[in-house]
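Before any comments, here is the structure.
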Amino acid sequence: MMMARGLASVSWVALAVAAVPATAQTSEEPAVRQAGRPETAREPGGEAMQDIVVTATRQATNLQDTPIAITAVTSETLQTRALTTTADLGFIVPNAAFRKEQGAYGPGVSAFLRGIGQGDTALSGEPGVAFYIDDIYYPLVFGSAFDLLDLDHVEVLRGPQGTLFGRNALAGAISMVSKKPSLTEASASAEATIGRYNRRDFRTSFSVPLTETLAFGASFLSKRRDGYQRVLDFRCEMIRRGTPELAGSFPFASARTTVTTRPVDDCAIGTLGGEDTKAMRGQIYWKPASNFSLLLTGDYTDQNDEVAADSVYNIDLTKVSSTVGLNNLRLQYGLFSVPGQPAFAYDQRFLTGNPFTTYATYRDPLPAGTLIPGHSYYNGSIFRGGLDYGRRAPLKTWGFSAKTIYGISDDIDLTLVGGYRKLDLRFSFDNDGSPLSETLIFHSIVEDHFTGEARISGKVGWADFVGGIFYYKGKARNLAQPMSAQNGTQRYQNTTYKPDSKAAYANVNLHPFGERLTITGGLRYSDDEKAVDFNNILDATPAGSTVFVPGGPSQSTIFQTVPKQKRFDWKAGLDYKFSDQVMVYASAATGYRLPGFNVRPSQPSQAGPTPGENLISYEIGTKTDLLDRRLRLNLTGFYIDYRSRVLSFSGQEALLTAAGGNTAGNFTVIPGTRAGTTTCRAYNAGTDGARNPAGGVGVTCIARSYFLNGPGIAKGLEAEVEARPFDRFSLNGSLGYTKFTSDDLRDLPETSNRRLLAIPQWTASAGAQYEMPVAFLGGTITPRLDWFYQGSIAYSTNRKDQNQPGFSTFNGRVGYHNEEHDFDVAIGATNLFSKFYYRNKFIYHDLGYATLNGQPAPPREWYLTVRKRF
């Protein structure tokens, strides 16, 4: 609250030194040649700022003439700020929260704008932010941590984009535009970077005109870096610390860390959070006539990154909601107890005390067929135990696309776009932070996606227009094996997801009284559906059986469903230019997110679809270029009526038996805090009476998710500023505030978090740089400092103590550019002051497990980059 009040009270001061990202000059051909594209652009470091051309309206327009809240940045600007992936965009976009996913959700990006988005990569849900690359739609967030430095520029459109971008653009859209080959000159560049954690990056690209009408370009990338979280050999570490008795009889993990006569200095057996990616991209550009062009693109990525760093920072067995779970933990860890020494148990000994170390090995050291008497998981079955998925998340993806633009006349263009993408991904997650496996989850996901779009755009009299049709068809299959030794279960999931989407749209800008006043109207019709075939089979194989035995109907969940939706979205707006330097606008628009399904049901009672979402957003804003274009100030205010919002939260229910009743236990099912939900408390024979499984008394409880409609209101402010008080010196930054209210949050107890989870209310950034000519070096030296702020974030409805306080981080860089030989050298650091914070938290206590997990962000990382252009 102190930070919030401080930012509010000095907001205008912040605007004076804050900044919107620097220029973005599109490499795309304008959909309408007369749509306001500037004739000239000023050089960076000059007296005034460049014009910025964006394609957010599916036409080429000047950013300052486009009545939408847009952040546009070039790849060069991102490089100077050391922002290299989609997840990093959240640092500089107002009211954005983009982060690398929590480890349980795989190598994706959680993207939120104005408090709306998606934090789960599961096939069950749909993103709230739509991703596009060169007009090609990316439907799921796996693999969405695109390498931004291979692009020309990025546009982040805030607010629903339901008419022009449509599918799942509930919160906005991210449009990435790549560089295309040049028809007039050959060029090439090479870049190498070294840095902390043995970082070794190499990039190269070239563009060659083959004829006057045909050009070819290609780029290549290799990124490698060791992980910043170390995986420790538990027994070695206990001996190194002088507490060997806490290791019981648990064995060493490797020959290198086996202690014989003295402890080793380092008990690490590997790392988490490392990178190992290779990628290539090729393009053919053909322009045989002034009114026709064709761009063909193909790309391939082979990513073998380590799984995300994950730290267990709390273990509390009182949070385990099942007596079965407590007994299983006791028996499993007790297997390594030594008579006369402290019992080997799952407790605080597995907290390393350092978030950048862990004992989790992502494997089960107990071999298949292990029998622990009384343990409901290790029952001697050959299908249980011995799982080893490794600590990497291999991802291979490739695709191709084609885009053609045909000028029907001087005023009307036809654009055709089509693309195909294939993705193959595997990843696992180990949540207990110990060398044993309390829970271990593995996913294998294969996806195919095809998208196509045809649109016509132009100008007739005092009307600009764009209209088109959109088609998308996909298929995704998820094979998963979630193992829970705590709960005594092992499941095999096979989910097939086949989405199909068709849409038609039109948008018109009317200028009935000249160019100063514009009336905007848009409409889109969407017809979406996705066929789902879901299988969640419980392993019920008894000891001694050599044949897999699935669980009965009450223990396995199998269903087919086809969530679908047909709807119209609309947009209406009005903008007025008081002068060439000042524009004001107001708009109202709708957006939607498709229905989904519960992807993690533990038993048939938890299966079923989840509703879709929709909203109406109202926005007012102003865009200005002031003081002879030395100050650019864009302000936005918004009010979002979130009419249908899926509210997901954790609860519990009774575990069903094969006969359809409940299993006797020591818990009682009681009504939850919201109507229609339940949770569990300890069974009390004195107040509950005799055990009655059918009534939820004296049962074993399991976790479940509930889905309810929780409509609400989001409102907030945004500011982006770029200032150049004198030549070669620039300031830039952003400020965002979002407040969300809803009945379901107000009804919570005062001890609860009455706010959206995983979303900061305040975001801010600021940066400054000065370009200094140095004659004797034949070039310029440019020091730069960037500040990024994320406000307080809540991760649990019930646990305020798990809120992450607001925090600031800094990036610093000093760059040298040589004019004669056209090369650059830069040295810099991210997280300059090594601020510790969690990218994400996962409050497993809410699910009836013993741990609290967080993904620590990397500490300070230095780097040295050399780049040469030819």
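The values are calculated or read from the model by the stated rules, or taken from the named source; none is laboratory data. All values reported here derive from a predicted model rather than from experimental measurement. So basically every Cβ, Gly included, is an ideal-geometry build from the backbone, and we count neighbours across all protein chains shown. Note: areas computed on protein heavy atoms with side chains; ligands, DNA, RNA excluded. Shrake-Rupley method; radii C 1.70, N 1.55, O 1.52, S 1.80 Å.
Worth pointing out:
- For the residue pairs Lys571/Lys835; Lys623/Lys739; Lys403/Lys841; Lys473/Lys841, the alpha carbons lie more than 31 Å apart in Lys571/Lys835; Lys403/Lys841; Lys473/Lys841.
- For the range 604-707, average projected area of the Cα convex hull in nm²: 11.0
- Separation of alpha-carbon centers, the range 720-788 and the range 791-870, rounded to whole Å: 14
- Net lengthening on full extension, Thr323/Ser222 (0.36 nm per residue, minus Cα-Cα): 31.4 nm
- When the P(r) is computed for the range 413-500, the part past 16 Å accounts for 69% of the Cα-Cα pairs.
- Acute angle (nearest 10 degrees) that the helix 323-334 long axis makes with the longest principal axis of the chain, alpha-carbon atoms: 80
- Size estimate for the range 324-435 follows the Kirkwood approach: the inverse of mean 1/r over distinct Cα pairs works out to 18.9 Å.
- Paramagnetic reach from Asp533 in the range 439-464 [backbone N under 16 Å; point 7 Å along Cα→Cβ]: 446-448
- Remark: spin-label model distance Ser409-Tyr770 equals 5.6 nm, labels positioned 7 Å along the Cα→Cβ axis.
- Averaging 1/r over every pair of different alpha carbons in the range 715-826 and inverting the result gives a Kirkwood radius of 17.2 Å.
- At the residue level, Thr404 shows approximately 20 square angstrom of accessible surface with a 1.4 angstrom probe and all protein chains present.
- Intensity falloff of the chain expressed as log10 I(q)/I(0), Debye formula with alpha-carbon point scatterers, at q = 0.08, 0.10 Å⁻¹: -0.75, -1.16
- Hull volume in cubic angstrom per residue (convex hull over the Cα atoms of the range 672-715): 115
- Solvent-accessible heavy-atom area per residue, rounded to whole Å², over the chain at 1.4 Å: 39
- Using a cutoff of 8 angstrom between alpha carbon atoms and counting only pairs six or more residues apart, the relative contact order for the chain works out to 13 percent.
- Along principal axes, Cα extents of the range 809-870, largest first, whole Å: 64, 24, 11
- Applying the Karplus relation 6.51 cos²θ - 1.76 cosθ + 1.60 with θ = phi - 60° to the range 750-765 yields 3J(HN,Hα) values of 4, 6, 8, 7, 8, 7, 5, 8, 6, 10, x, 6, 10, 9, 7, 8 Hz, where x marks Gly and Pro.
- Put simply, when 85-95, 415-425, 586-596, 191-201 are sorted by average Cβ atoms within 10 angstrom per residue, most first, you get 85-95, 586-596, 415-425, 191-201.
- Gain on full extension, evaluated as 0.36 nm per residue between Ala255 and Leu210 minus their Cα-Cα distance, stands at 10.5 nm.
- Radius 11 Å from Cβ of Val129, net charge of other residues (Lys, Arg +1; Asp, Glu -1): +2
- Efficiency of FRET between Ala454 and Ala543 - r from beta-carbon atoms, R0 51 angstrom, step 0.05: 0.25
- For the pair Leu748 and Val446, label points projected 7 Å from Cα toward Cβ lie 4.1 nm apart.
- Scattering from the range 709-769 was approximated by placing one identical point on each alpha carbon and applying the Debye formula without solvent; log10 I(q)/I(0) at 0.18, 0.21 1/Å stands at -0.72, -0.85.
- Within the accessible surface of the chain, defined with a 1.4 Å probe on protein heavy atoms only, the carbon and sulfur portion equals 60 percent.
- Phi-based couplings in Hz for the range 604-619 (Karplus 6.51, -1.76, 1.60; Gly and Pro marked x): x, 5, 9, 7, x, x, 10, x, x, 9, 7, 7, 10, 10, 10, 9
- 20 °C / 1.002 mPa s Stokes-Einstein diffusion coefficient of the range 508-562, Kirkwood radius on C-alpha pairs, µm²/s: 127
- For the range 65-216, projected area of the alpha-carbon convex hull averaged over all directions, nm²: 11.2
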